Amino acid sequence: MMSLDDLLLLPNIVDVTTDSREVAPGWIFVAVRGSLFDGHSAIQQALTQGAIAIVAQELPREACAVPVVIVPDSRLAYAMLVQELLKHPTGDMRVYGVTGTNGKTTCATLLEQMFTFAGRTTGFIGTTGNRYAGKNLATSYTTPHAHALGELFMEMRQHQVDTVCMEVSSHALDQHRVWGTPFRGAIFTNLTRDHLDYHGTMENYARAKKRLFDMLPEDSVAVFDADSEWAPYMKRNCLARCTVTVGCDQFASVRITNVDVSLHGATFTLVRSHDDLTTVPEQMEITTSLLGGFNVTNAAMCAVLCLLDGLPPDVVVHAMANVKGPAGRMERYDLPNGAIAVIDYAHTPDALDNALRVLRELHSDGSVRPNIHVVFGCGGDRDKGKRSEMGNIAAHHADFIWLTNDNPRSEDPTEIIKNILGGIEGAARERTEVIEDRHLAIRAALSAAGPNDVVLVAGKGHEEYQIIGLERLPFSDAAEVIDFGNASQLEHR
């Protein structure tokens, strides 16, 4: 039986794909068994279109006049072939990955800005787009598929990018999209309920995340949120030369102390607990414009990774004082009526809970208690179990709740909202308004807010679309808030 190594010795190989529609003479077709489509059913089409070899997890039913390689995991085989055919596309670039349920975009964005400040030519790969050389390319994936990722690395190298900061999703890790990427450093932010419609259990979800740290080379560094119960598991058997925990926990390698959060950002102190961390000062004061305690942890982990990677402390401090958070992540807008709008991507129970807690903390001065309004929904065709949980969180932390659409996809929006209402009980129901049209819901909440009130528009963040049925319609929470503010200013003139 032929192996993948033997396959690579075939003459005149053009490329490799998992999409039979792309196959042309000289291509290798890899049959991947997906959740909606089994690539094994497309082998005949690939052969008809000129495939010179087939990689599959089972013998094809049809007779093949070309070599066939049977593998236990087609996705892994595909990633391995991509690496070889693209000749290891990262080259000598420094690649840093961030994984976790929440905070991936923020941490990767902070790292991108800090390394840029330190004089490197950076690229970014993540939810908010792929950026390099002045380009900002929209993306449908947090982490691109293996071939697209390899081509993106090659494009970045052609533009002299030497440092790439990227989000690494659990889907990408489970599907081996980043296999073979020689990460120089990685961050684990946290692990809370999300994507269980795909992974099935929290254990499977965690196992997927752990792959990033299991694949780190010995000359890399790894930073873990010390306050996450999953940190010891993620750290276990990690081969990185330096594995560091950062957080408020007393046993953290680098402790976060003297935290002061306000509407203007936060200040905190990093205290080194281990003497062997020679590139981390014994004590270090940091200021950031990011809002909230959870962003203190994000900032602290990014600062420590940069220090471990060799950035001087003064550069790290100065860079952190000047970085900005990503679009749609606790993004603040002051409104003409004296209220404050905050747009955040919070679409999981933990993220919504964190966002509401932060806003309550920042907007309560002990005298007049401002109202907190929250506008949110839940995505269709996704984890239904989190819906009532998010409703319960909103009921506990918000004064007024506005339930609306958030990418209902093929599901009935009314049924999704009923699921959320299952977690909103008692008096909280009287403070809840259902407006399925997201445009109208946002405007209603902003109009109802008084001076010093805060309106959290949660769930979509930077996204500029709304998926209803099979249609992907233009929609931006930020644009809605800005339009409302502009209209309000005109009314008051």
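The values are calculated or read from the model by the stated rules, or taken from the named source; none is laboratory data. Remember, predicted model here, so these are calculated numbers, not experimental data. All Cβ positions, glycine included, derive from the backbone under ideal geometry; neighbour counts span all protein chains shown.
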By residue number, the members of the range 24-41 that are of a type outside the set (S, T, Y) and closer than 18 Å to D73 by Cβ are I28, F29, V30, A31, V32, R33, G34, F37, D38, G39, H40
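Is it the case, given these coordinates, that T257 is exposed (fewer than 14 other Cβ atoms within 10 Å of the Cβ), in the same structural domain as H274 (by TED's automatic domain parsing) and touching a Ser or Thr at 6+ places or on another chain (Cβ under 7 Å)?
Details: exposed (fewer than 14 other Cβ atoms within 10 Å of the Cβ): yes; in the same structural domain as H274 (by TED's automatic domain parsing): yes; touching a Ser or Thr at 6+ places or on another chain (Cβ under 7 Å): yes.
When the stated conditions are applied, T257 passes them.
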Expected single match for touching a strand residue (DSSP E or B) at 6+ places or on another chain (Cβ under 6 Å) and in contact (Cβ under 8 Å) with a residue 40 or more places away in the chain among I393, I424, I417, I401 is I417
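Are any of the residues in the range 9-16 polar (S, T, N, Q), in contact with a strand residue (DSSP E or B) (Cβ under 9 Å, 6 or more places away or on another chain) and not assigned by TED's automatic domain parsing to the domain that holds H199?
Taking the range 9-16 as the starting set, the residues that turn out to be polar (S, T, N, Q) are 12.
Now drop any that are not in contact with a strand residue (DSSP E or B) (Cβ under 9 Å, 6 or more places away or on another chain), which leaves none.
No, the range 9-16 contains no residue that is polar (S, T, N, Q), in contact with a strand residue (DSSP E or B) (Cβ under 9 Å, 6 or more places away or on another chain) and not assigned by TED's automatic domain parsing to the domain that holds H199.
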Within the range 345-355, can one find any residue that is of a type outside the set (A, V, I, L, M, F, W, C), within 15 Å of G292 (Cβ to Cβ) and touching a strand residue (DSSP E or B) at 6+ places or on another chain (Cβ under 6 Å)? no
Any residue that is in the same structural domain as R120 (by TED's automatic domain parsing), part of a strand (DSSP E or B) and under 26 Å from T279 (Cβ atoms) - is there at least one of those in the range 206-217? no
Among (1) basic (K, R); (2) without any contact (Cβ under 8 Å) to a residue 60 or more places away in the chain; (3) under 30 Å from A53 (Cα atoms), R75 falls short only on (2)
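Does at least one position in the range 185-194 carry a residue that is touching a residue at least 24 places away in the same chain (Cβ under 8 Å), in a loop (DSSP other than H, G, I, E, B), over 21 Å from L86 (Cβ atoms) and in contact with a strand residue (DSSP E or B) (Cβ under 7 Å, 6 or more places away or on another chain)? Explain how you work it out, then say what you get.
First, the residues of the range 185-194 that are touching a residue at least 24 places away in the same chain (Cβ under 8 Å): 185-194.
Then keep just the ones that are in a loop (DSSP other than H, G, I, E, B); that gives 189-194.
Narrowing further to those that are over 21 Å from L86 (Cβ atoms): 189-194.
Adding the requirement that they be in contact with a strand residue (DSSP E or B) (Cβ under 7 Å, 6 or more places away or on another chain) leaves 189-190.
Yes, the range 185-194 contains at least one residue that is touching a residue at least 24 places away in the same chain (Cβ under 8 Å), in a loop (DSSP other than H, G, I, E, B), over 21 Å from L86 (Cβ atoms) and in contact with a strand residue (DSSP E or B) (Cβ under 7 Å, 6 or more places away or on another chain).
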If you take the residues of the range 441-460 that are out of contact with any strand residue (DSSP E or B) (no Cβ under 7 Å at 6 or more places or on another chain) and of a type in the set (G, A, S), which of them is farthest from I340 (Cα to Cα)? S447
Are there any pairs with C-beta distances below 9 angstrom linking a residue in the range 240-265 that is farther than 22 Å from V323 by Cβ to a residue that is exposed (fewer than 11 other Cβ atoms within 10 Å of the Cβ), with the two at least 6 apart or on different chains, and if so which? A240/E218; R241/E218; C242/D276; T245/F251
Can you find, within the range 69-112, the residue that is nearest to Q175 (Cα to Cα) among those that are of a type in the set (K, R) and within 21 Å of the chain's Cα centre (by Cα)? K104
Quick check, is A458 assigned by TED's automatic domain parsing to the domain that holds D350 and modelled with pLDDT of 95 or more? yes
Exactly one condition in (1) under 30 Å from V164 (Cβ atoms); (2) of a type in the set (G, A, S); (3) surrounded by 15 or more Cβ atoms within 10 Å (Cβ to Cβ) is not met by S35; state its number. (3)
